[in-house]
Amino acid sequence: MSKIRINWKKLLLLFAVVFVAFQIIGSFFFYELAVKRGPKDFLEKNADLDVSDEAMDLYLNGSWIDWVADQKFEQLTLTSRDGLKLSGYYLPASKPTDKLVILTHGYLGNAKQMGLFGQFYHNDFGYNIFMPDARGHGKSEGNYYGFGWQDRLDLIDWTELLVKKLGTESKISYHGLSMGAATVLMASGENDLPRQVKAIIADSPYESVYQLFSYQMNRMFHLPAFPLLDSTSILTKIRAGYSFREASALKVVGNTKVPILYIHGKGDTFVPTEMAEGLYRHTSSDSELYLVPKANHGEAFALAGDKYKEKIDYFLNRTIK
């Protein structure tokens, strides 16, 4: 009997060692895969990111590309609270105005890609525009992706810099796409959010980093979130300064006072539409939800076109006085 008990103890010990080793190795794997700065080849063949022909044509051949290339942007720099040098691009309106929109890009994107939206804000709405490179993206420093949480503080600091540049009577809107949408939502409830921020447009946002990764781990790898996602979150806290559960837009919008327009595609399988609906239901401020039929992740503008702009124009005119 004693030999059997010893063997069971050895088996349990072996299982425990293997389990811990798997968690450590898996955590580093998923951190490198998703959070560490660098190319993400695994997304290239992800069917959830397939876009329509209309969207692809707009992204690759739209007039906004030449428009961005033709503009004389002023490059601004900012040192983040943790010492990173961040970069962004400012373009004044054609006619003097107190209205400014800050456009925040998505995961693996860069500032000037938001010229897709900046073109109509500048040309049709007459806004000053500013497009920052998120930490870890474009010309901004950083060796990890913040998924909106660390970026929310950078956004507030950019806003304060621009208020000093343009004046305290500025009326500022945030417009974010995907990770950028999470960024503007996560900033919306901060105590030090400048009073000049009057409206927020969140296109294709996720509820929290934990919920997003949980969904993607199941969809891409057929794995449960617990315990591997939790151990990766601990590693991310150590290396990047935030955990996946604390990086929650859902918690923040329950305290925000800034009006929010949510936009999402009904056909989004990368960040499911239910996340935007959940955010909308939990928002404490004046909010609207605009769902675009058949649109996949980030495709709403490409498929809705003028109606997309009309929705935003109406929302801004209603909320910014």
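The values are calculated or read from the model by the stated rules, or taken from the named source; none is laboratory data. In this text, all values refer to a predicted model and were calculated from it rather than measured experimentally. Cβ atoms come from the backbone with ideal geometry, glycine included; neighbour counts cover every protein chain shown. When the accessible area is computed, the model is the full protein with side chains, heavy atoms only, and any ligands, DNA or RNA have been set aside. Shrake-Rupley method; radii C 1.70, N 1.55, O 1.52, S 1.80 Å.
Which pairs do you get when a residue that is in contact (Cβ under 8 Å) with a residue 12 or more places away in the chain, found in the range 198-212, comes within reach of a residue that is assigned to a loop (DSSP other than H, G, I, E, B) and among the basic types (Lys, Arg), reach meaning Cβ atoms under 6 angstrom, with the pair 6+ apart or on two chains?
TYR210/ARG245
With the requirement that a residue be open to solvent by 20 Å² or more (accessible area, probe 1.4 Å) and closer than 12 Å to SER208 by Cα, what does the range 237-248 give you?
Of everything in the range 237-248, those that are open to solvent by 20 Å² or more (accessible area, probe 1.4 Å) and closer than 12 Å to SER208 by Cα turn out to be SER243, ARG245, GLU246.
List the residue pairs whose Cβ atoms are under 8 Å apart, where the first residue sits in the range 116-135 and is among the basic types (Lys, Arg), the second is surrounded by fewer than 21 Cβ atoms within 10 Å (Cβ to Cβ), and the two are 6 or more positions apart or on different chains.
ARG135/SER80; ARG135/LEU84; ARG135/GLU141; ARG135/TYR144
I'm told PHE213 meets every condition in (1) of a type in the set (Phe, Trp, Tyr); (2) at pLDDT 95 or above; (3) open to solvent by 10 Å² or more (accessible area, probe 1.4 Å); (4) not in a helix (DSSP H, G or I) except one. Can you identify the failing condition by its number?
With respect to (1) of a type in the set (Phe, Trp, Tyr); (2) at pLDDT 95 or above; (3) open to solvent by 10 Å² or more (accessible area, probe 1.4 Å); (4) not in a helix (DSSP H, G or I), PHE213 is out only on (4).
Any chance you could count how many residues in the range 19-60 are within 20 Å of the chain's Cα centre (by Cα) and under 20 Å from ASN143 (Cα atoms)?
Residues in the range 19-60 being within 20 Å of the chain's Cα centre (by Cα) and under 20 Å from ASN143 (Cα atoms): 14 in total.
Go through (1) outside any loop (DSSP other than H, G, I, E, B); (2) open to solvent by 10 Å² or more (accessible area, probe 1.4 Å) for PRO194 and report which single condition fails.
Among (1) outside any loop (DSSP other than H, G, I, E, B); (2) open to solvent by 10 Å² or more (accessible area, probe 1.4 Å), the lone unmet condition for PRO194 is (1).
When both residues are 6+ apart or on different chains and their Cβ atoms are under 8 Å apart, which pairs have a first residue that lies in the range 24-37 and is hydrophobic (A, V, I, L, M, F, W, C), and a second that is open to solvent by 80 Å² or more (accessible area, probe 1.4 Å) and at pLDDT 95 or above?
So the pair list comes out as VAL35/ARG239.
Restricting the search to the range 249-273, which residues are of a type outside the set (A, V, I, L, M), under 23 Å from ASP48 (Cα atoms) and either outside any strand (DSSP E or B) or open to solvent by 10 Å² or more (accessible area, probe 1.4 Å) (or both)?
LYS266, GLY267, ASP268, THR269, PHE270, PRO272, THR273
Keeping to the range 86-116, report how many residues are more than 14 Å from the chain's Cα centre (by Cα), over 13 Å from GLN71 (Cα atoms) and of a type in the set (Phe, Trp, Tyr).
0
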